[in-house]
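See structure below.
The values are calculated or read from the model by the stated rules, or taken from the named source; none is laboratory data. It should be emphasised that the depicted structure is a prediction, and the values quoted were computed from it without experimental measurement. Glycine also receives a Cβ, built like all others from the backbone with ideal geometry; neighbour counts cover every protein chain displayed. For accessibility, only protein heavy atoms count, side chains too; no ligands or nucleic acids. Shrake-Rupley method; radii C 1.70, N 1.55, O 1.52, S 1.80 Å.
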Amino acid sequence: MKTALEADLEEESLQENGVIQTTQDQHSSISPPASTVSGAPDDEPFSTYFEEKVPIPEDVTQMFSFRKLWAFTGPGFLMSIAYLDPGNIESDLQSGAKAGFKLLWVLLGATIIGLLLQRLAARLGVVTGMHLAEVCNRQYPTVPRIILWLMVELAIIGSDMQEVIGCAIAFNLLSVGRIPLWGGVLITIIDTFVFLFLDKYGLRKLEAFFGFLITIMAVSFGYEYVVVRPDQGELLKGMFLPYCEGCGPAQMEQAVGIVGAVIMPHNIYLHSALVKSRSIDRGNKKEVKEANKYYFIESTIALFISFLINVFVVAVFAEAFYEKTNIEVVGSPHTDLFPLDNSRLQVDIYKGGVVLGCFFGPVALYIWAIGILAAGQSSTMTGTYSGQFVMEGFLNLRWSRFARVLLTRSIAIFPTLLVAIFQDVQHLTGMNDFLNVLQSMQLPFALIPILTFTSLTSIMNDFANGLVWKIGGGLVILVVCAINMHFVVVYVTSLSSVALYVLAGLLCIAYLCFVGYLVSYYSTHNTEQPEYDT
């Protein structure tokens, strides 16, 4: 039993950290942040994305309602685009070309893990009315909070660079080389600002546009799937048999790359913010519970569709190009890409499109390029929103959308443009390996906070993670982080430079110290157990 003094001290501590206990209903314990901008009106929306909220239909007594599911549909599909960005597409095609169908089970497992993590992100946003960056701002001390923000920004910039690369390659393929790679990079600067203002036409219209882009990807990559006609028996075997017969280091490294490409750190922050776009009474426990249910169903459907699209890409390259040699790329004018020898065929997003054109005709190349363009453009927009939410949440800054996008897009464009101008397409696509490593290293800075805060009863109350989720989530995060750290070690050792080894070692010490701090924060703040897990 707590004494009155202990209760007063606890209440004071919670208020200092931005946690406000309500006497009317304790399951909604964090209040949304007030504006800290001088002269900003109190009723000014916190983010442009939330200028309108979608109403949820009432008077529905059924256990399940398609009307309500439709009302909640949108945020999960925007979130799922991160599972379909150009970095994922490249990982898929290399998986198929290097290992055939044998690593499909890794893709399936990574998608399921991603779904569970997205569930936590959605629950945090629904229960608290705040997204992950806002909660981090209120819970972590100043220095760790700034470091965490910088790490997340690095992940967003890395993802942005992959999107720029994908779009530039798509423009080059669609124009049959008339638009140089550097020209495609510059085009992405313009189209980003054009797409950015689509949300002014209404939230549901914006979500419909994203749905349209996902449909383009599904049709484009589905067309390639039908044309190539993969072996369905081998596909099912590779998807449900967790084994990789005859696989070596290259295939194992590719398996690690799949996990790193699928689970994106900034996507956790994004999803926790997107769910705030629905009109939910957080003071009503039934409505909160219902919102959690429908968001989970919607996320499951969205990630299932993204999984199918990823399977299309893996299967196409597994069936058509697994164990193929350069000499088999008949009729190709690109002898600089495919030398006439019997060495193993190496493909990436650019060469993959060229090879499809060589094997299955020009239509296959153009449709492939359209799919890549849709992937790059859609992920560019969601990356823009991620950056906006992260900056506003961590720093309480309200930059205009123009200024925010100009900053991050400039950082992403500059190195990509230099490589596009002074190097060739191999170096441009080769940047994806480094960017996957960069984002892999940022994973703990999204996974540990989301597990920490969804497990705290002072934040989630009745909706806090139970013991099973705490242990299971901790093990999942440990495995994911270990896999990606292995990926980082493999990449660094391949550089063969003593100076880089020393630099990497020093950075790793600092990196592990900060990860250790986040883990210790989790362990010291999760000593109380909720009565049940909802």
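Data overview
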{"quantity": "Close pairs (6 angstrom Cβ cut-off, 6 or more residues apart or separate chains): polar (S, T, N, Q) and modelled with pLDDT of 85 or more in region 157-177, outside any helix (DSSP H, G or I) and open to solvent by 20 Å² or more (accessible area, probe 1.4 Å) anywhere", "calculated": "Asn172/Ile179"}
{"quantity": "Test result for Glu207, within 30 Å of Phe389 (Cβ to Cβ), in contact with a helix residue (DSSP H, G or I) (Cβ under 9 Å, 6 or more places away or on another chain) and open to solvent by less than 50 Å² (accessible area, probe 1.4 Å)", "calculated": "yes"}
{"quantity": "Selection status of Phe64, at pLDDT 80 or above and within 30 Å of Asp348 (Cα to Cα)", "calculated": "no"}
{"quantity": "Restricting region 355-388 to residues that are without any contact (Cβ under 8 Å) to a residue 40 or more places away in the chain and outside any loop (DSSP other than H, G, I, E, B), the residue that is farthest from Leu407 (Cα to Cα)", "calculated": "Phe359"}
{"quantity": "Lone qualifier among Val476, Val488, Val480 - being in a helix (DSSP H, G or I) and open to solvent by 30 Å² or more (accessible area, probe 1.4 Å)", "calculated": "Val476"}
{"quantity": "Extreme residue, most open to solvent (accessible area, probe 1.4 Å), among residues of region 72-131 that are more than 24 Å from Arg204 (Cβ to Cβ) and of a type in the set (Phe, Trp, Tyr)", "calculated": "Trp105"}
{"quantity": "Exclusive hit being open to solvent by 10 Å² or more (accessible area, probe 1.4 Å) and modelled with pLDDT of 90 or more, set Lys289, Lys351, Lys324", "calculated": "Lys289"}
{"quantity": "Of residues in region 354-377 being open to solvent by less than 20 Å² (accessible area, probe 1.4 Å) and touching a Phe, Trp or Tyr at 6+ places or on another chain (Cβ under 6 Å), the one modelled with the highest pLDDT", "calculated": "Gly371"}
{"quantity": "Complete set of residues in region 61-120 that are without any contact (Cβ under 8 Å) to a residue 60 or more places away in the chain and of a type in the set (Phe, Trp, Tyr)", "calculated": "Phe64, Phe66, Trp70"}
